[in-house]
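See below for the structure under consideration.
The values are calculated or read from the model by the stated rules, or taken from the named source; none is laboratory data. Model, not experiment: these values are computed from the prediction. In this analysis, Cβ positions are derived from the backbone assuming ideal geometry, glycine residues included, and neighbour counts consider all displayed protein chains.
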Amino acid sequence: MEGQNWRALALLDTNPENTMCGIIGYTGSRPCAPLLVEGLRRLEYRGYDSAGVAILDPSRTPTTAVTRCEGKIAALAGRLEAEPISGTTGIGHTRWATHGRPCEANAHPQRSGRVCVVHNGIIENHGKQREALRARGRSFASETDTEVIAHLIDELYDARAAEGGPVDLLEVVRAALAQLEGAYAVGVVHDEHPGTVVAARQASPLLVGLGDQDREPECFIASDVSAILEHTRTVVDLEDGDIVRIGAGGIEAHLDAAGEVVRRGKRRIDWSPLAAEKQGFKHFMLKEIFEQPRAVRDTLIGRLRSEDASPSLEFAELDARVDVRALAERHKITIVACGTSWHAALAGKYLIEQLARIPVEVDLASEFRYREPIVREGDLVLAISQSGETADTKAALQEAQRLGATGLAICNVVDSSIARLADVVLYTHAGPEISVASTKAFTTQLTMLSMLAIHLGKQSGAMADARAQALLEGLREMPVAIDAVLGVQAAIKIIARRWVGARDWLYLGRGLSFPVALEGALKLKEISYVHAEGYASGEMKHGPIALIDDSVPVVVLALEGPGYHKTLANLEEVRSRGGKIIAVATAGDDAIGDVADDVILVPKVDAFLQPILASVPLQLLAYHVADLKGTDVDQPRNLAKSVTVE
């Protein structure tokens, strides 16, 4: 299966990676402030919490003027209208907070001395670099990892300038980036290099837009082609490790990861601006499904320490507040959530109880505070919310804290209400979800819960180092495994076409697959408006079996591991009653084809990590059924993205 590549059948020459922030840069003969602002507006669909521009204006001291603000681009445009900046070279950015709360100080561009930087991605070793820079006398004005990049470039530039002679900004940026670990797309301008922008990419998309030959010379950089389509349709895609210096005439220097001069091919973009926002995908939901390898990777970045088989960073703060051994011996964890996050919570219960041997209760947040819950001092209450604004989940967390529990949150939005309320926050890095139906938020929540369970298992003494290391390695490999599942999209679409007329669906799963079955049924209900129910496989004989006939497709998670043979027995019961079976099974399973009508194979992964992977084919199945039915996939009727009222 891994060798097949069906993606070209479904996409229009797109890059399935995406990031949560937006970059645009320009150098040419036109005033660039309006170009940058308009480009940022075309990136608004990605979601953001602040925006800013840095423009080289020779009439100013310092030469580069920076305007930033928290909030919408309209506010940035208002500031630039009130205090105009002249200049024909500049960079702009929309930020989705990952390091540091949303505020003007943390907005991009970040400045150090004569250097301004915009950055998408996550720098894993920013803490270590920040400490070293402070020890060398550097002071910081923000909480961002991006400011580290600016300081390193400024420091190296000054050192080379002190040696005498001209300084190559591209080489300085390259030397600075060599000290960093993680994912980045960066744009850099410097006071002493008017008309020049340096850009680099590592595991985060970035491209160069070449100016129209019928116009005055000009050149662009952008993280997303939608930002520049109004001005050019000829682009050069940067590859991982690439670094370029652009001027008005185009690319002046282009080095690859080895530092060798390289020329990348041009391509012509024929998308409309709206299609560009979706990167060639028909719907935002499909785009976000395909972003999951990136989203899971970003959630893992900087959080896995290979040397001691343990997750890192924010978990140290949790350790400072919670006695994990006491939690296992005489206290408990209660997880509160709603909707898709509640399904993640159910998986979290299985993971934490089995890997850490700590008792876990899972509550619907909307029910928790009305049942006089038993929560005591020393307990841990975990609230899960994509937006961090879910009213019921916030209220449940407040009630638990009032009763003496320590509050932990897993959410996707920095500085959201639940994040501010919690004692400790574990942020996922899914990035904005435009589609109402959650996909990448769910898989990143499962990823974070897996890391949390491993960490608690280590701290409680329930898990050996070798077992923890094996699970962490499995998490590292998860983005590749998800990518393999995305590669069989065309086969899943064929199954969807076969069953698009069905009015009732059953989803069955056992153990860790049960929450995935619930989530698969919810996805189908949300966007296709057909009746779908998820059940634990062992419960089928206690009622649902009465629904089964040859008009009811039964989606069964029949993955290798504990309970597999019992699941096969369930399939035989469905088959004997005329039910039609769609099985999600492990690659190499030769027996499943004998009992299932359709089979979707996924790569073999550790049984404790299967929920992350098994969710993806069910998302694709729901999407294609809804698309074939012609429903409004991204904005299904009666639903809101974030439920901020009870």
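General observations
- Strands (runs of 3 or more DSSP E) fully within region 332-437 counting 1 or more residues that are touching a residue at least 60 places away in the same chain (Cβ under 8 Å): 333-337, 380-385, 406-411, 424-427
- The set of residues in region 625-643 that are more than 21 Å from Ala337 (Cα to Cα), at pLDDT below 90 and surrounded by 12 or more Cβ atoms within 10 Å (Cβ to Cβ) comprises Asp634, Gln635, Pro636.
- So Leu170, is it outside the structural domain of Glu124 (by TED's automatic domain parsing) and not in a loop (DSSP other than H, G, I, E, B): no
- Filter pass, Val574 being aliphatic (A, V, I, L, M), outside the structural domain of Glu433 (by TED's automatic domain parsing) and at pLDDT 95 or above: no
- Look at (1) surrounded by fewer than 17 Cβ atoms within 10 Å (Cβ to Cβ); (2) of a type in the set (Lys, Arg); (3) at pLDDT 95 or above and you find that Arg138 fails only one, number (1).
- When the test is whether a residue is over 29 Å from the mean Cα position of the chain (by Cα) and closer than 26 Å to Ile454 by Cβ, Gly543 does not pass it.
- Region 204-222, residues that are charged (D, E, K, R) and modelled with pLDDT under 90: Asp212, Asp214, Arg215, Glu216
- Sole residue being modelled with pLDDT under 90, within 29 Å of Ser450 (Cβ to Cβ), in contact with a helix residue (DSSP H, G or I) (Cβ under 6 Å, 6 or more places away or on another chain) and outside the structural domain of Arg297 (by TED's automatic domain parsing), chosen from Gly534, Gly538, Gly561: Gly561
- Applying the condition of being in contact with a helix residue (DSSP H, G or I) (Cβ under 6 Å, 6 or more places away or on another chain) and not aliphatic (A, V, I, L, M) to region 55-86 and asking which residue is nearest to Pro31 (Cα to Cα) yields Thr67.
- Of the residues making up region 146-167, not a single one is at pLDDT 95 or above, out of contact with any Pro (no Cβ under 7 Å at 6 or more places or on another chain), of a type in the set (Lys, Arg) and in a strand (DSSP E or B).
- Remark: pairs (first residue in region 116-135, at positive phi and without any contact (Cβ under 8 Å) to a residue 24 or more places away in the chain; second residue crowded, with 24+ Cβ neighbours inside 10 Å and hydroxyl-bearing (Ser, Thr, Tyr); Cβ separation under 9 Å; 6+ apart in sequence or on different chains) are absent.
So that you can scan it fast, the table gives a plain yes or no per residue for (1) under 30 Å from Gly630 (Cβ atoms); (2) within 28 Å of the chain's Cα centre (by Cα); (3) not assigned by TED's automatic domain parsing to the domain that holds Gln619:
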| residue | (1), (2), (3) |
| --- | --- |
| Leu238 | no, yes, yes |
| Ile246 | no, no, yes |
| Ile251 | no, no, yes |
| Leu255 | no, no, yes |
| Lys287 | yes, yes, yes |
| Phe290 | yes, yes, yes |
| Ala295 | yes, yes, yes |
| Asp298 | no, yes, yes |
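- Subset tally (residues that are in contact (Cβ under 8 Å) with a residue 60 or more places away in the chain and surrounded by fewer than 16 Cβ atoms within 10 Å (Cβ to Cβ)) for region 254-264: 1
- Within region 534-581, the set of residues being in contact (Cβ under 8 Å) with a residue 24 or more places away in the chain and of a type in the set (D, E, K, R) comprises Lys541, Asp549, Asp550, Glu560, Lys566, Glu573, Arg577, Lys580.
- Any chance Arg376 is farther than 12 Å from Thr334 by Cβ, out of contact with any helix residue (DSSP H, G or I) (no Cβ under 6 Å at 6 or more places or on another chain) and in the same structural domain as Leu300 (by TED's automatic domain parsing): no
- Any hit, region 228-238, residues being at pLDDT 95 or above and out of contact with any strand residue (DSSP E or B) (no Cβ under 6 Å at 6 or more places or on another chain): no
- Residue that is farthest from Val552 (Cα to Cα), among those in region 465-497 that are surrounded by 15 or more Cβ atoms within 10 Å (Cβ to Cβ) and among the charged types (D, E, K, R): Arg467
- Residue ID - modelled with the lowest pLDDT, chosen from residues in region 303-352 that are more than 26 Å from Ser366 (Cα to Cα) and of a type in the set (Gly, Ala, Ser): Ala309
- For region 1-60, a residue qualifies if it is modelled with pLDDT of 65 or more, closer than 22 Å to Gln110 by Cα and part of a loop (DSSP other than H, G, I, E, B), and the qualifying residues are Cys21, Pro31, Arg42, Leu43, Gly47, Tyr48, Asp49, Asp57, Pro58, Ser59, Arg60.
- Of all the residues in region 81-105, those that are touching a strand residue (DSSP E or B) at 6+ places or on another chain (Cβ under 8 Å) and surrounded by fewer than 19 Cβ atoms within 10 Å (Cβ to Cβ) number 5.
- Only one entry in Ile85, Ile91, Ile149 is touching a residue at least 24 places away in the same chain (Cβ under 8 Å), aliphatic (A, V, I, L, M) and more than 27 Å from Glu216 (Cβ to Cβ), namely Ile149.
- Which listed residue, of Ala74, Ala65, Ala54, is surrounded by fewer than 19 Cβ atoms within 10 Å (Cβ to Cβ) and either of a type in the set (S, T, N, Q) or not assigned by TED's automatic domain parsing to the domain that holds Ser435 (or both): Ala74
- Against the numbered list (1) at pLDDT below 90; (2) surrounded by 24 or more Cβ atoms within 10 Å (Cβ to Cβ), Ala391 comes up short only at (2).
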